[in-house]
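Visitor: Sending over a structure as structure tokens; questions will come in a sec.
The values are calculated or read from the model by the stated rules, or taken from the named source; none is laboratory data. The structure presented is a predicted model; accordingly, all values stated were derived computationally and were not measured. Cβ: placed from backbone, ideal geometry, glycine included. Neighbour counts: every protein chain shown. Just the protein is used for accessible areas: all its heavy atoms, side chains included, with ligands, DNA and RNA removed. Shrake-Rupley method; radii C 1.70, N 1.55, O 1.52, S 1.80 Å.
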Amino acid sequence: MKYLVGKTSTGNAVFAVNGESAINLTALDDSVGSDLARLINNPALTASLAAKIDGADTVPVTSITPALPVSKPGTIICLGLNYIEHIKEGGYDIPDYPALFMRGNNSIMAAGAPLVRPSCSEKLDYEAELMVIIGKQGRHISEADALDHVFGYTVFNDGSVRDYQRKTHQWTPGKNFDNTGAIGPFVVTPDELPSGASGLKIESRVGDEVLQSSNTGNMIWSVAQAISIISEYTTLEPGDHIALGTPPGVGHAKKPNPRWLRPGEVIDIEIEQIGICSNLIVDESEFEAEV
């Protein structure tokens with residue numbers, strides 16, 4: 001199944017996407033709710049929708065304004081160094097344990113929403129990433145069982161304010177500016193993708209300028225390995241998000257000059273078979289004026 005959470009005249013709704021068309025699942029059954037949380041927590045609900053979907057009215061996907069797949073994820077855990085060439089371009093040693101950090105809910109926003117360059121810095125960078133949404137609670141999850149805990153996969157742009165990231169060894173400030181982490185718009189269930197979403201082309205672009213281009217098969221730690229490692233120290237809950245790190249080509253490593261995102265540009269993050277997360281870059285002062 002390919003899901004899209006989007007805004008309607010009566011509030012957010014969950015849609016099932018088939019090609020260029022979508023069915024409003026919330027309208028079919030109000031127990032679905034306004035984001036993916038209920039479907040994640042109740043697999044039987046998904047099964048019960050199958051009969052209702054057949055022959056249901058559709059709307060164009062292009063008519064739906066995306067919202068966050070899960071409005072307030074419980075935990076957002078990110079891998080910082082998961083592609084060897086990206087590690088090298090940043091001047092780091094190849095680690096034997098993933099670099100992990102967390103994001104707060106104020107730092108994330110939906111695909112299509114403005115991605116905000118803060119007033120205190122011009123060093124806003126992009127990071128194309130595969131993101132996992134957890135579907136089943138677990139602690140001390142084995143690698144062999146880890147993929148059973150995945151609800152779906154989506155696209156993430158881990159927008160990073162590099163000078164603030166470098167202010168501390170923990171990276172927290174540079175990874176948690178408001179409205180810098182774009183998610184979505186689509187969530188694709190595991191049965192629609194290769195195992196662990198491996199072998200998929202992943203790319204970032206501004207217009208015709210290709211900034212990053214790689215493959216999820218190049219990750220050091222696979223989805224299953226990441227889930228297993230993270231669950232050693234914390235209980236993963238349904239709806240938690242895990243971002244799997246970015247490939248080489250980020251802006252701060254461009255030679256001879258860094259390539260920062262500028263207001264007015266549109267950054268597209270695409271993962272094969274999942275979709276494109278597209279966001280307009282705006283300056284914080286412009287964003288505040290609109291809000």
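Visitor: Select from ILE269, ALA289, GLY251 the residue farthest towards the positive end of the dipole of the range 247-291; place +1 on Cβ of Lys and Arg, -1 on Cβ of Asp and Glu, and compute about the Cα centre.
Guide: After comparing all options, I get GLY251.
Visitor: Tell me, in nm to one decimal, what length is gained between GLU286 and GLN273 on full extension, where the rule is 0.36 nm per residue of separation less the Cα-Cα distance?
Guide: On the way: separation 13, 0.36 × 13 = 4.68 nm, distance 3.40 nm.
Roughly 1.3 nm would be gained on extension.
Visitor: Which of GLN212, PHE156, THR172 sits closest to the plus end of the dipole of the chain, meaning its Cα is farthest towards the positive end, when Lys and Arg get +1 and Asp and Glu get -1 on the C-beta?
Guide: Working it through, the farthest residue towards the positive pole turns out to be THR172.
Visitor: Amide H neighbours of THR8 under 5 Å, counting only residues 5+ apart in sequence or on other chains, H built in-plane at 1.01 Å?
Guide: ALA13
Visitor: Please work out the ratio of the alpha-carbon Rg of the range 92-185 to 2.2 N^0.38 Å and round it to two decimals.
Guide: 1.22
Visitor: Dipole magnitude of the chain about its Cα centre, charges +1 at Lys/Arg Cβ and -1 at Asp/Glu Cβ only, in debye to the nearest 20?
Guide: Details: 21 positive and 37 negative charges, 90 e Å.
Magnitude of the dipole: close to 440 debye.
Visitor: For the chain, report the % of Cα-Cα distances exceeding 24 Å.
Guide: Taking all Cα-Cα pairs of the chain, the fraction more than 24 Å apart is 48 percent.
Visitor: Rounded to the nearest 20 Debye, what is the dipole magnitude of the range 99-213 about its Cα centre when Lys and Arg each give +1 and Asp and Glu each give -1 at the C-beta?
Guide: For this selection, approximately 480 debye.
Visitor: I'd like the trypsin sites (Lys or Arg not before Pro) in the range 147-207 restricted to DSSP loop residues with at most 13 other Cβ atoms within 10 Å, sorted by number. Intermediate values should be presented prior to the final figure.
Guide: Details: sites: ARG162, ARG166, LYS167, LYS175, LYS201, ARG205; in loops: ARG166, LYS167.
Answer in residue order: ARG166, LYS167.
Visitor: Determine the distance separating the Cα centre of the range 4-56 from the Cα centre of the range 196-254; give it in Å without decimals.
Guide: That distance is 27 Å.
Visitor: Can you list which of the chymotrypsin sites (Phe, Trp or Tyr not before Pro) found in the range 214-291 are DSSP loop residues with at most 16 other C-beta atoms within 10 Å?
Guide: Those satisfying the criteria are TYR233.
Visitor: Explain nothing, just the number: relative contact order of the chain, from Cα pairs under 8 Å at least 6 residues apart, as a whole percent.
Guide: Relative contact order of the chain: 24 percent.
Visitor: Would you please name the GluC sites (Glu not before Pro) within the range 79-161 that are DSSP coil residues with at most 16 other C-beta atoms within 10 Å of their C-beta? It would help to have the intermediate numbers written out before the result.
Guide: Details: sites: GLU85, GLU89, GLU122, GLU127, GLU129, GLU143; in loops: GLU122, GLU127, GLU143.
Here the GluC sites (Glu not before Pro) that fit, given the DSSP loop and packing criteria, are GLU122, GLU143.
Visitor: Share of the chain's accessible area from carbon and sulfur, percent, 1.4 Å?
Guide: Of the solvent-accessible surface of the chain, carbon and sulfur hold 48 percent.
Visitor: Accessible area per residue for the chain in Å², computed with a 1.4 Å probe and the full protein assembly in place, what is it?
Guide: Roughly 43 Å² per residue, with all protein chains present.
Visitor: Let me ask another. Around ASN18, with a cut-off of 15 angstrom between Cβ atoms, what is the net charge of the other residues, counting Lys and Arg +1 and Asp and Glu -1?
Guide: Taking every Cβ under 15 Å from that of ASN18, the sum is -3.
Visitor: Work out the length of the dipole vector of the range 30-128 about its Cα centre, built from +1 on the beta-carbon of each Lys and Arg and -1 on the beta-carbon of each Asp and Glu, and round it to the nearest 20 debye.
Guide: My answer is approximately 320 debye.
Visitor: To the nearest 0.05, what FRET efficiency results for SER121 and ASP30 with a Förster distance of 51 Å applied to their C-beta separation? Intermediate values should be presented prior to the final figure.
Guide: Values: r = 44 Å, r/R0 = 0.86.
My answer for the efficiency is 0.70.
Visitor: Looking at the range 24-114 from every direction and averaging, what is the projected area of its Cα convex hull in nm²?
Guide: 9.2 nm²
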